[in-house]
Amino acid sequence: MMNPETASKPNSGGFSLSVDVEDYFQVWAFSKVIKRDSWDGFQLRVGDATRTVLDMFDAHGAKATFFTLGWIGERDPALVREIVARGHELASHGYDHTKVNQQSRDEFAKEASYAKKLLEDIAGVEVRGYRAPGFSIDRRTPWAHESLAEIGYAYSSSTHPIAHDHYGDASADQNPYHPVEGAALIEAPVATVNILGRRVSCAGGGWFRATPLGASKLLLRRAATTLKGPVIFYIHPWELDVEQPRINSASVKSKFRHYLNLKTMPRKLDNVLRSFSWRRIDEGLGLARVGGAA
Ligand SMILES: [Zn+2]
């Protein structure tokens, strides 16, 4: 008998997986209590956590795009090279997780260009994708996409078109589009669906941890029939790192969000990896080069 999970596996492969490669102490929610200049005092856990993710992806034949911080690349270049060697797309998450909407255009251009070159020098492949920390390309940054196009990025996956207190714009486009007239650059928003006139996220991260597995899978299937591009899903390596040190000084709300359902995350992610065909964002957008190499 056919397994219902397999039976519902879409044939188009229209699901794209992404990983934002940053460590647990670099997340926006903790930035008030963990200052940027204290990062070097923390022991890196992102290498081991990312390798856990890579092993899970291998077990299901899933391919993904890894939006990696330049700061991490400098400290763990072997990890960057391993991501590429294992068949995944290497992409940029900026240098040190500064939000785009907290930078001037010049500061942003410098950082996004530096991170691209740094990762390319480490891995020896072209870096074509960019994801803004905390989905921070929005109405406050009308110059950001122009900047990315000038630097030479082929696409950005930096918008989460939903209402949220830290990011998002519920009126932003849900489908891939060309944000800059005359430029080839594509903006590919992470996955959302419309239910009863309301936009709901099925893009991953904290949303995925907060939503029951069955509901997440229903939403992902629905997104595949309504979105006009790849259904883009994201996770962080620290979401699979159950043993990570607790940041007790953070606010109750930040701690609630960061630690919510970390224990069930491996099982849920495993199920979602098994239930859908996952590929890199460059492939989902039809940008992959012949031979699959970036
Ligand atoms: Zn991030």
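Computed quantities for the displayed model
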{"item": "17 Å reach of a label modelled at residue 274, 7 Å along Cα-to-Cβ, counting backbone N of the stretch 19-58", "result": "55-58"}
{"item": "Residue exposure sequence - 55, 20 - by fewest surrounding Cβ within 10 Å", "result": "55, 20"}
{"item": "Residue 140 versus residue 105: modelled label distance in nm, points set 7 Å from Cα along the beta carbon direction", "result": "1.8"}
{"item": "Percent RCO, i.e. relative contact order, over the chain, from Cα pairs under 8 Å lying at least 6 residues apart", "result": "26"}
{"item": "Across 117/255; 110/253; 32/63; 35/110, pairs whose alpha-carbon gap is larger than 27 Å", "result": "117/255; 110/253; 32/63"}
{"item": "Protection proxy ranking of 106-118, 206-218 - average other beta-carbon atoms within 10 Å, highest first", "result": "106-118, 206-218"}
{"item": "Listed residues 18, 114, 203: farthest to the positive end of the dipole of the chain (Cβ charges)", "result": "203"}
{"item": "Under 13 Å, Cβ to Cβ, from residue 156 - net charge with Lys/Arg +1 and Asp/Glu -1", "result": "-3"}
{"item": "Calculated diffusion of the stretch 13-284, Stokes-Einstein form, Kirkwood radius summed over Cα pairs, 37 °C and 0.692 mPa s, µm²/s", "result": "177"}
{"item": "Using a Förster distance of 45 Å, the FRET efficiency for residue 249-residue 85 (Cβ separation, nearest 0.05)", "result": "0.70"}
{"item": "Neighbourhood charge, 9 Å Cβ-Cβ cut-off, centred on residue 238 and excluding it, Lys, Arg +1 and Asp, Glu -1", "result": "-3"}
{"item": "Burial ordering of 22, 150, fewest other beta-carbon atoms within 10 Å first", "result": "150, 22"}
{"item": "Euclidean distance between Cα centres, the stretch 228-251 to the stretch 265-283, Å", "result": "15"}
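We did not get these values from a lab; they are worked out from the coordinates using the rules stated. Quantities reported herein were computed from a predicted structural model and do not represent experimental measurements. Note that we place each Cβ from the backbone using ideal geometry, even for glycine, and neighbour counts take in every protein chain shown.
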